[in-house]
């Protein structure tokens, strides 16, 4: 059992400084203790075909490579959990795509991991429900209908464009604008409040 | 795949998720998201991970309180008890001197009573 007691009250920003100063145990603490659940959820979501422990180990190597080059890009103005969530999710997904050739399918047998995945998925469902509710109230109605057709009903862009008598390029512009409103209102504003 | 997505760096996406992106950066992220619906789902998953497990981290921190407040409270109580004992001792000495005759009187009363009884 590793003892990480001395790190318990260190700030995330201080961690990055310590790690870059070659305190590799601080990185172990971040990956295997403080953000363990966040990383496990991201691993299971982004790369279900790769064992979670392998992914976290690969992430450790990725962050520590070339004298912490990757970690040095972290901007201390940003919340570390958001930075780590983005970096880990994209890294896991990329790793998973590279592993697909091996056709490995690793079922999740660990009950705690399954519970973690469920908890994260429920949270994701809440966020999606917020967005869906926002979608129902989206104005103007045309934007709402187009976004619903594309995102919810997964209709072909050409069909939707024909129905609304717009070009496909225009349809994408409308989708982009509507998506911006939704994300801004139901993802970013909620986060800022929290 | 990874190379194709590099124009939206992890740092830019993290800034966007933190509400700290500039309007130009927001626009670039939205272009990137609207190109592919799977990216929106990925963004939701990244966000859900932070929302769900970030909160648990805060709650965990609330439950695991640092030791020093408990120690300082214990030290305060110990100090109060110490001061209380010192005051009690001091006040106890002065009372015994002042009340010495009263005890003597009481004893004599008791003795007198006993003699009466006999």
query = When a footprinting reagent is the concern and you count Cβ atoms within 10 Å, what order do B:81, A:20 take, fewest first?
reply = B:81, A:20
task = For chain A, calculate the relative contact order in percent as a whole number, restricting contacts to Cα pairs under 8 Å that are 6 or more residues apart.
result = 19
request  = Evaluate the distance, in nm, between pseudo-label points positioned 7 Å from the Cα of residue A:14 and of residue A:53 along their respective Cα→Cβ axes.
outcome  = 3.2
Span per principal axis, largest first, for the Cα atoms of chain A (Å) = 62, 40, 33
message = Given the -39500 (n - 2.57) contribution per DSSP H run of 4+ residues, what per-residue ellipticity at 222 nm results for chain A, rounded to the nearest 500 deg cm²/dmol?
response = -20000 deg cm²/dmol
remark   = Taking Cα atoms only, helix A:52-68 is inclined relative to the longest principal axis of chain A by an angle, in degrees rounded to 10, of 70
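What does the structure give for B:19-29 when I average, per residue, the other chain Cβ atoms found within 10 Å of the residue Cβ? Don't skip to the answer; put the middle values down first.
Values: counts 8, 7, 1, 0, 0, 0, 0, 4, 2, 0, 2.
Mean shielding by partner chains, rounded to a whole number: 2.
Can you tell me the length gained on complete extension of the stretch residue A:130 to residue A:169, counting 0.36 nm per residue apart and subtracting the Cα distance? Don't skip to the end; give the middle numbers.
Numbers: separation 39, 0.36 × 39 = 14.04 nm, distance 2.78 nm.
Once the chain is fully extended between residue A:130 and residue A:169, it gains 11.3 nm.
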query = Helix A:168-183: angle to the longest alpha-carbon principal axis of chain A, degrees 0 to 90, nearest 10?
reply = 50
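From Cα pairs below 8 angstrom and at least 6 apart in sequence, can you work out the relative contact order of segment A:111-193, rounded to a whole percent?
Relative contact order comes out at 33 percent.
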inquiry  = Inside 10 Å of the C-beta atoms of A:127-140, what's the mean count of C-beta atoms belonging to other chains?
reply    = 1
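Using only alpha carbon pairs under 8 Å that are at least six residues apart, calculate the relative contact order of segment A:5-102 and give it in whole percent. Mind dumping the intermediate values first?
On the way: 70 pairs, mean separation 33.8, N = 98.
Computed over segment A:5-102, the figure is 34 percent.
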request  = Whole Å is fine, so just give me how far the alpha carbon centre of segment A:143-168 lies from that of segment A:8-68.
outcome  = 41
request  = Mind sorting A:73, A:137 by how few other Cβ atoms lie within 10 Å of their own Cβ, fewest first?
outcome  = A:137, A:73
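So how do A:78, A:30 line up by other beta-carbon neighbours within 10 Å, fewest first?
A:78, A:30
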request  = Ignore the peptide's own chain and count Cβ atoms of other chains within 10 Å of each Cβ in A:34-43; give me the average, rounded.
outcome  = 5
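Between residue B:89 and residue A:6, what FRET efficiency follows from the Cβ-Cβ distance if R0 is 51 Å, with the result rounded to 0.05? Mind showing how you got there, number by number?
On the way: r = 43 Å, r/R0 = 0.85.
For residue B:89 and residue A:6, the calculated efficiency is 0.75.
Kindly rank A:80-89, A:127-136 from highest to lowest mean number of other beta carbons found within 10 Å of each residue.
Working: A:80-89: 25.1, A:127-136: 15.4.
Going from most to least packed, we get A:80-89, A:127-136.
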ask   = In nm, what is the difference between 0.36 nm times the number of residues separating residue A:66 and residue A:156 and their Cα-Cα distance?
value = 27.9 nm
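Each reported figure results from applying straightforward, stated rules to the coordinates on display, with no laboratory input. Note that the structure is predicted; figures quoted are calculated from it, not measured. Backbone-built Cβ (ideal geometry, glycine too); neighbour counts: all protein chains shown.
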